[in-house]
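Step one of this worksheet: look at the structure below.
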Amino acid sequence: MKKIITLIVTAAFVAVNHLAVAQEKTKTVFSFEPLPYAYDALEKAIDAQTMEIHYSRHHKAYFDNFIKAIAGTDMEYMTLEEIFGSMSKFPASVRNNGGGFYNHSLFWAVMSPDGGQPSAALEKAIVSTFGSMEEFRKQFEKAGATRFGSGWAWLSVDAQGKLFISSTANQDNPLMDVVAERGTPVLGLDVWEHAYYLRYQNKRASYMEAFWQVVNWNEVNRRYQEAMGAK
Ligand SMILES: [Fe+2]
């Protein structure tokens, strides 16, 4: 009898514990956010049709396919940063679509029709790292221009709090453990043809030059401050 009671108590204890663990585990909310401005708001650099197709079709497809790729896995409980930090352990569908989802979300945020100027702290860091704002822009554009095929140009903060420029292929980004130069991106530029082909055709350099007119420095400043605060 004593043995039976012990078994029942043990079973009840295990059940309660399982319930507690199940209740603690909450799914991460991944959401497809609205574009923070109208499709034609960035006309001085990017045409409305490109913005509409890019956001409502390309970005939406990355988001939908990412949600499908993580369904029923532990990744539903992880943040994008956690997933990217262990990217090498996960399938290519998560790398491509999770990357596409994150990269485009960042891209929309770091653009604006009226984005202010680099903060004193960011400008100081850019000048001390690259020599001047002009030299920084040149090196950033070069990173995008020399990316063969599709990919991104980035300005990021590394683990030591130092700025660096890099380029990644396809939908990779500097948060992923599969890329050579790792850090926290504060500015990103999409250099896939779908980002510029309608207005600029094959002239990627002209698109990159125009990009500076719509950079949302207020957001880049915020991301830089946040990345430095985490050091
Ligand atoms: Fe894109």
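So the values come out like this:
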| read-out | value |
| --- | --- |
| Other-chain or far-sequence residues with amide H under 5 Å of LEU175's (modelled H) | GLY183 |
| Acute angle (nearest 10 degrees) that the helix 120-130 long axis makes with the longest principal axis of the chain, alpha-carbon atoms | 70 |
| Which of TYR200, TYR37 has the fewest Cβ neighbours within 10 Å, and the rest in rising order | TYR37, TYR200 |
| Cα-based equivalent ellipsoid, the chain: semi-axes from gyration tensor eigenvalues, Å | 41, 21, 16 |
| Segments 94-102, 164-172 sorted - mean Cβ within 10 Å per residue, highest first | 94-102, 164-172 |
| J(HN,Hα) series, the stretch 94-101, from Karplus relation 6.51 cos²θ - 1.76 cosθ + 1.60, nearest Hz, glycine and proline x | 6, 4, 5, 7, x, x, x, 5 |
| The stretch 76-91 - phi-based ³J(HN,Hα) in whole Hz, Karplus 6.51/-1.76/1.60, Gly and Pro as x | 5, 10, 9, 7, 4, 4, 5, 4, 5, x, 10, 3, 4, 8, 10, x |
| Between helix 2-24 and the chain: long-axis angle, C-alpha atoms, 0 to 90°, nearest 10 | 10 |
| GLY151 long-range amide H proximity, modeled H, under 5 Å | ASN170, VAL191, TRP192 |
| Tilt relative to the chain, helix 217-229 - C-alpha long axis, 0 to 90 degrees, to 10 | 50 |
| Relative contact order %, the chain, counting alpha carbon pairs below 8 Å whose residues are six or more apart | 23 |
| Residues with amide H under 5 Å from that of MET111, placed H, sequence gap 5 or more | ASN216 |
| Cross-link table LYS60/LYS89; LYS25/LYS60; LYS25/LYS68; LYS142/LYS203; LYS27/LYS60; LYS27/LYS231, entries beyond 22 Å C-alpha to C-alpha | LYS60/LYS89; LYS25/LYS60; LYS27/LYS231 |
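Throughout, read-outs are computed from the coordinates displayed, never taken from laboratory work. Just so it is clear, the structure is predicted and the values come from calculations on it, not from any experiment. Methodologically, a virtual Cβ is constructed for each residue, glycine included, from the backbone with ideal geometry; neighbour enumeration extends over all protein chains shown.
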